[in-house]
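Working notes, structure below.
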Amino acid sequence: MWLPILFLLIGVTLGILTDIRIPDAYTDYLSIAVLAAFDTLLGGIRAQLEKTFDDTVFLTGFFFNVSLAALLAFLGVQLGVDLYLAAVFAFGVRLFKNLAIIRRIVIDQKLLMKIRKK
Amino acid sequence: MRRRTKWLVSVVFLLIGFMVAVQFQTTSYETQLRDTRDIWEVREELNRQQEAQQELLKKINAADQTIENYEKQSSKEQLETLKESMEVLEDKVGLSKKEGGGLEITIAPIFQEDLSVQSFPKVSPLLLSRFINELNTYGAQDISVGNERISMISPIRDVNGATYVNNRPVGSLPITIKVLTSDPQKLKDYMEASPTQDIFNMDNMEIQFELKEKLVLPKFDDPLYLEILEETGG
C-alpha cells in the first residue's frame with residue numbers, strides 16, 4: 001500500500017521540480033487527462049475492493065481513458081463544440097459513482113465486522 | 001497483490017502525480033502576470049514605490065505625533081488637539097472655506113456671426129466631469145464650480161437636461177471654475193494645451209484662463225454621506 005503513495009509523492013515532487021508548464025492552448029487536454037486518471041484510479045480501487053482487479057485492464061484503462069479524453073477534447077476544438085465538457089461530465093459522474101460504491105463497500109465491511117464481533 | 005501488479009500500480013500513480021503537479025503548476029502560473037518590464041521601467045517602479053514609502057512614513061510620523069500629543073496632554077489640551085485634527089480633516093475634505101493662489105477658469109458661450117439657428121450652449125455633465133478629471137490629473141488641489149465646492153463625493157449629474165453639481169444646478173453660461181494649486185502657471189499651460197478645449201469649442205464654448213493671486217473657494221455645505229464609500233485595497 002505504501003509503494004503507490006510513495007510513487008505518487010515522487011511524481012508530484014518531480015512535476016513541481018521540473019518546472020514544466022503547459023501552454024495555454026493545451027491546458028484543456030491536461031485537465032481532462034488528469035480527470036481521466038482520477039477516474040481510472042478510483043475504478044481500480046473499486047475493482048480491488050470488489051476483488052475483480054486485473055492489472056492489464058487497469059493499465060490499458062488508464063492509458064485508453066487518458067488518450068480518449070484528450071482525443072475528445074481535440075475533436076471538440078476542431079469542431080468548435082466544447083466536446084471536452086462531455087468528457088468532464090462523463091468522468092465526473094463515474095467518479096461519483098465509483099466513490100459511492102467504494103464507500104458502500106467500506107461501510108459494509110465495517111458493519112459486518114461489528115456484527116461478527118457481537 | 002502480486003509484486004508485478006504493485007509496481008504497475010505504482011508507476012501509474014507516479015504518472016498521475018506528475019500530471020497533477022504539472023496541471024497545478026500551469027493553473028497557478030496563469031494567475032500571475034508575466035513580468036516584461038525592462039530595467040528602466042523596473043527602476044521607475046522602484047522609485048515610485050520608494051516615494052510612496054516616504055509618503056507613508058511621513059503620514060505615520062504625523063499620526064504618531066498626534067497620538068503622542070493626546071497622551072501627554074491634559075484633558076483640555078486633548079480637546080484642543082481633537083479640534084485641531086478635526087479642522088485639518090475638514091480642511092482636507094472641503095468642509096471649510098479655502099483661500100490661496102490659483103487659476104480662475106471661465107467657460108463662456110461663443111456666438112457665431114452667421115444667421116443659422118444656434119441654440120444656447122450648455123456644459124454637459126460628461127464634459128464637466130472630464131474637465132474636472134483633467135484638472136485633478138494636472139495637479140489641482142481644490143476645485144469649485146460656480147458656488148459649489150467639489151468634494152470627494154460631489155455628484156455631477158444630468159437632471160432633466162440641466163447639469164447639477166452637488167445636487168444644485170450650475171446655472172447657465174458663463175460658469176466660473178476656481179482651482180487652487182501649488183503651481184498655477186503650470187496648470188494653466190497644461191490646460192491650454194489639452195484637447196478638452198477643442199471639445200468645448202465644438203459645443204460652441206470657449207475657456208478662458210486667468211491666474212489669480214488670491215482665490216476664495218466656498219465650503220462644501222452638504223452633509224457627508226459616507227455610507228456610500230467603500231474601503232479599497234492599497
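Can you spot the lysines whose alpha carbon is less than 18 Å from residue B:97's alpha carbon? Ignore those fewer than 8 places along the same chain. Cα-Cα hits under 18 Å: B:83, B:178, B:212, B:214, B:219.
Scaled to the globular estimate 2.2 N^0.38 Å, the Cα spread of the stretch B:1-124, given as radius of gyration, is 2.42.
Considering chain A as a Gaussian network with a 10 Å cut-off on Cα pairs, which listed residue, A:87, A:25, A:47, attains the greatest mean-square fluctuation? Looking only at A:87, A:25, A:47, the biggest GNM fluctuation is shown by A:25.
Working from the Cα coordinates of the protein assembly as shown, the gyration tensor eigenvalues give, after taking √(5λ), semi-axes of 70, 31, 22 Å in decreasing order.
How much space per residue, in cubic angstrom, does the convex hull of the C-alpha atoms of the stretch A:40-118 take up?
Details: hull volume 4.9 nm³, N = 79.
Once divided by residue count, the hull of the stretch A:40-118 is 62 Å³.
Entry note, chain B: relative contact order of 26 percent, from Cα contacts under 8 Å with a spacing of 6+ residues.
The slack in the chain from residue B:51 to residue B:35, taken as 0.36 nm per residue of separation less the alpha-carbon distance, amounts to 3.6 nm. Rounded to the nearest 0.05, the FRET efficiency derived from the C-beta distance between residue A:2 and residue B:65 at R0 = 56 Å is 0.30. The convex hull defined by the C-alpha atoms of the stretch B:98-217 has an orientation-averaged projected area of 7.5 nm². Volume per residue of the convex hull around the Cα atoms, evaluated for chain B, comes out as 321 Å³. Given the options B:23, B:50, B:185, state which has the largest fluctuation in a GNM of chain B using a 10 Å cut-off (strictly under) for Cα springs. It is B:23. Mean per-residue shielding of peptide A:50-62 is 2, counting Cβ atoms of other chains within 10 Å of each Cβ.
So for the stretch B:98-217, averaging the separation of alpha carbon pairs under 8 Å that are six or more residues apart and normalising by length, what relative contact order in percent results? Relative contact order, the stretch B:98-217: 49 percent. The relative contact order of chain A comes to 29 percent, based on Cα pairs under 8 Å that sit 6 or more residues apart.
A short reminder: the numbers here are calculations on the coordinates, not readings from a lab. Computed from a predicted model, the values in this text were never measured in an experiment. Quick reminder, even Gly has a Cβ in these numbers, built from the backbone with ideal geometry, and neighbours come from all protein chains shown.
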